[in-house]
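The values are calculated or read from the model by the stated rules, or taken from the named source; none is laboratory data. Computed from a predicted model, the values in this text were never measured in an experiment. Cβ placement follows ideal geometry from the backbone for every residue including glycine, while neighbour counts extend to all protein chains displayed. Surface areas here come from the heavy atoms of the whole protein model, side chains and all, with no ligands, DNA or RNA. Shrake-Rupley method; radii C 1.70, N 1.55, O 1.52, S 1.80 Å.
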Amino acid sequence: MGIDPTLLEQRLDELYTIGADPGGGAYRPLYSSAWATAIERVERWLTEAGLETHRDAVGNLWGRAAGNGKSIVTGSHIDTVRHGGRLDGALGIVAGLTAVEALLKAKGTPKRPLEVVAICEEEGSRFRTNFWGSRAITGSIDSVDPEIAAAMRERGLDPTKVANAAREDIDTFVELHIEQGAVLESSGTPLAIVSAIVGTAHLELTVTGRADHAGTTPMESRRDALTGAAAMIQAVESIARSLGKPAVATVGKVRAEPDQINVVPGRVIFTIDVRHSDLGARRALEERIRSLCATIASERGLGLDIRMLQERPPVPMHSDVRAVLTRAAKDCGVQAVEMVSGAGHDAQILAARCKVGMLFVPSIGGRSHCPEEATKREHVELGTKVLAKALELLAY
Ligand code: GLV
Ligand code: MN
Ligand code: MN
């Protein structure tokens, strides 16, 4: 079964130009015009590959080759972060459709339905939500935020119908993704089978001080919310460092109010993303962060409110799928390693409804979520070949 490496690279290049961001990289947030153009492009490729396409109630795009029983599905997300790279999400879609196209050519109609999905949203870059597409597939969206509802209507989608996107007929979901870290590159390994996806907590901290005149308020009488937040941010970093790998904690968003050059900041809102592959260790990390931030706030006479935006436990990949991926790698002449994913993926959500598994190929320099995100051509080809072999084992 032939996988054309040039075709893979051409398709990845083509997708990457859609939503090209003037500041570098691509930006295809959910329901934006770049997002819609990218979906149309993938729809054309799916049709050309001989798949029957349809868009579900939230805008996930499906391409299907008919068969009997529950479906074998591959794919990834079409959205990107701001200044996103060429491969995060795009690789899983392009590799999935190119693998299925090659299988249909070489082997004809599968026994099982074989599907490729371009998931509408995973990253959480535009709205206060993430895993929007996979949560719709698992039927776990209870309400639609008015801002998302308005964006859906602009794309011709009815926000009252999201429940229709739920699927009960998926047997297995397999996704090829870039590692987004440097484990594979540093060990000289071309491929990994994911054993589990880390657990993540997203916190939002509101620090309340007092807005005052920057020229007339002496330093000792201030209740500066931003200097307090800065001390908390330093503490977040040192706690995660002191716990050591694989603990990570990131402050990615900070907003100071009133955001004026000559006013002592009265309020600061910032987020913390806390991850660990072990649930207990993740909770302990979060507890230490909460307690140190509370101490800093009280020492400085500041108010502190901590809100949990989202909490997701670590999710193991299904042992049957891991076994199929191991066999597929072996059949392709590769000895793959097993590793835990530090990044979040749709598979962790879909695991609630079907068997899931993931393959990782190396990221050059471990770079991702930035325009420098890249993977060697030979690794893109190898990952796609192993994915195709796994789909063959599962669907034929
Ligand atoms: C998604 O890329 C995440 O890990 O947050
Ligand atoms: Mn991704
Ligand atoms: Mn990502």
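So the values come out like this:
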quantity	calculated
Angstrom value of the Kirkwood radius, inverse mean 1/r, which spans all Cα pairs in the chain	22.2 Å
Only Lys, Arg (+1) and Asp, Glu (-1) charged, at Cβ; region 1-154 dipole about Cα centre in debye	460 debye
Radius of gyration, Dmax [region 199-312; alpha carbons; angstrom]	14.9, 50
The chain - charge dipole about Cα centre, Lys and Arg +1 at Cβ, Asp and Glu -1, debye rounded to 20	540 debye
Under-5 Å amide H pairs with Ala20, H placed in peptide plane, nonlocal only	Tyr27
Residue-by-residue Karplus 3J(HN,Hα) for region 195-203, coefficients 6.51, -1.76, 1.60, Hz, glycine and proline x	8, 7, 10, 4, x, 10, 10, 10, 10
Among the listed pairs Lys355/Lys389; Lys70/Lys105; Lys105/Lys389, those beyond 19 Å (Cα-Cα)	Lys70/Lys105
Lysines whose Cα lies under 17 Å from that of Lys376, excluding same-chain neighbours fewer than 8 positions away	Lys385
Bridge type composition, the chain - antiparallel percent by DSSP, nearest 5	65 percent
Mean separation of Cα contacts under 8 Å (6+ apart) over length of region 130-188, as relative contact order %	35 percent
Mean Cα-pair separation over length for region 53-161, i.e. relative contact order, pairs under 8 Å, 6 or more apart, %	33 percent
Accessible surface of the chain [probe 1.4 Å, protein heavy atoms]: carbon and sulfur percent	49 percent
